[in-house]
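Read the structure below first, then the notes.
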Amino acid sequence: MFSNGVMRELTWVIVTLWALFFFCWVTNLWVEGVIAYLLFYIGRNLWSMRKFETWMAKGTRGSFPPSTGFWSELTYLVSKKQRALETHADIQLYKSEQFKAASMLIPDAIVSLDQKNRIEWFNASSEVTLKFRRQDIGSSIETLLRFPEFIQYLKQSNTQDSIISHSLPNPQRIYNLQILEYFQSHKLLIVKDITDLYNLAQIRRDFIANASHELRTPLTVLKGYLEAMVDTPGPHQTTWLPALQNMEAQSNRMQLIIEDLLTLSKMESETITMREEVVNVPKMLSKLKHDVEQLSQGNHRFEFSVEDNLCIMGFNEPLKSVFTNLLTNAVRYTPDGGLIKVAWFNDTNRGACFKVEDSGIGIAPEHLPRLTERFYRVDSARSRATGGTGLGLAIVKHILERHSAELKVESQVGKGSTFCCCFPARKVACH
Ligand code: ADP
């Protein structure tokens, strides 16, 4: 019924009352005895209170103050709680020290930012990579990393993507910067040195670009001779004409592949260093409408629905290549008489979207995940027959990635396909 402390106090009072009773009975000093007992009881409590207060003021460190009854239990409970708190604090401190020590070993620079983008903490690599010093804690990151791409990246709400920069203190190195949001709008800036990876990719890009470039001239010469041989009448015509025509067709195909490979490597290397500009997509689409209608030669119906003034920030030529590829594919994979719907619109949730919907041959579901792989074709013969290289969607995917956009494909065999890509709202430049 009573707590430990009250029981102790009660026991103490009963024992001392018995002693008082005995004393009064022996001495017959009842009034004096009771007054003295009361004074003693109050004094004892005041003394214990004072001891307890002093002990608490010292931070409950040191030995327990000597006390009895309720006070001894209270002292015991407080010190027990205190010990538990101290153990918990020690564990937390240990964990935080362990985390800090581990983060010091990470070769990437890691910087923690508060809600106002002020530096709260950074690891040892930040001192080397970003040249941060202890005094920089509390400073705004914008005053230390001043290059425009970073400032723009820091301000954007969506931090899922990352940026590549050559502008950090060591210009010989290439870095990937990513900001992740964590714990109550705090941010973690992770700076990774990708120089080796980048250089390897550059070697691969250069190799493809150089090989394609080197093949271009001999192929042009061969094509020239083949064209001349096909067009020049003579005895060779009767026996060799079909072979010559086939050779001419194959060399045309090779030329298309080389052009696409060159485009791909150009996009890969250029979009990293190029600066984004305002792209007037409605104007671009009105030109492409004309081109695609010419390609169709009146065999398809077109419905264009383009939102005027909807421009985006991006790379002009690469975007043109994206739209051209998707429109050309719609024409090539839609039988004569089919309908091709093209839309450019602003979607409140998804941003600025480009959609091409055709009533063509469609694509079986198992092919959809692989469409953007280089040289992947659902039907190689058909792709070849329509002048395809198998590189178009790989180019599209790559360029869209550089615009933080993604290609979504929906298709049903025999019914048609829809290719859609949406550019995030932050890329919308005018509307
Ligand atoms: P290709 O030059 O062969 O068209 P792409 O990379 O542009 O190469 O496309 C890859 C493959 O995706 C194509 O070979 C084709 O099978 C399929 N494809 C692309 N667009 C369409 C479409 N609109 N309808 C049906 N199939 C398509």
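On the given criteria, is GLU127 acidic (Asp, Glu), more than 24 Å from SER165 (Cβ to Cβ) and free of Cβ contacts under 8 Å to residues at least 12 places away in the same chain?
Values: acidic (Asp, Glu): yes; more than 24 Å from SER165 (Cβ to Cβ): no; free of Cβ contacts under 8 Å to residues at least 12 places away in the same chain: yes.
Spelling it out, it is not the case that GLU127 is acidic (Asp, Glu), more than 24 Å from SER165 (Cβ to Cβ) and free of Cβ contacts under 8 Å to residues at least 12 places away in the same chain.
Only one of SER380, SER411, SER417, SER359 is within 13 Å of the ligand (Cβ to nearest atom), open to solvent by 40 Å² or more (accessible area, probe 1.4 Å), farther than 26 Å from GLN255 by Cα and of a type in the set (S, T, N, Q). Can you tell me which?
SER359
Can you list the helices (runs of 4 or more DSSP H) found entirely within segment 139-247 that contain at least 3 residues being free of Cβ contacts under 8 Å to residues at least 24 places away in the same chain?
By residue number, 148-155, 195-231.
Need pairs with beta-carbon distance below 6 Å; first residue assigned to a loop (DSSP other than H, G, I, E, B) and within segment 365-381, second among the basic types (Lys, Arg) and more than 8 Å from the ligand (Cβ to nearest atom); sequence gap 6+ or separate chains.
Partner pairs satisfying both residue conditions: THR372/LYS397; TYR376/ARG370.
Can you pull out every residue in segment 306-341 that is surrounded by fewer than 17 Cβ atoms within 10 Å (Cβ to Cβ) and assigned to a helix (DSSP H, G or I)?
Selection gives ASN316, GLU317.
Residue by residue through segment 383-404, note down the ones that are buried (at least 18 other Cβ atoms within 10 Å of the Cβ), part of a helix (DSSP H, G or I) and more than 7 Å from the ligand (Cβ to nearest atom).
ILE395, VAL396, LYS397, HIS398, ILE399, LEU400, ARG402
The values are calculated or read from the model by the stated rules, or taken from the named source; none is laboratory data. Bear in mind that the values here come from a model prediction, so they are computed numbers and not experimental data. Positions of Cβ are backbone-derived with ideal geometry, glycine not excepted, and every protein chain shown enters the neighbour counts. What goes into the accessible areas is simple: the full protein's heavy atoms, side chains included, and nothing from ligands, DNA or RNA. Shrake-Rupley method; radii C 1.70, N 1.55, O 1.52, S 1.80 Å.
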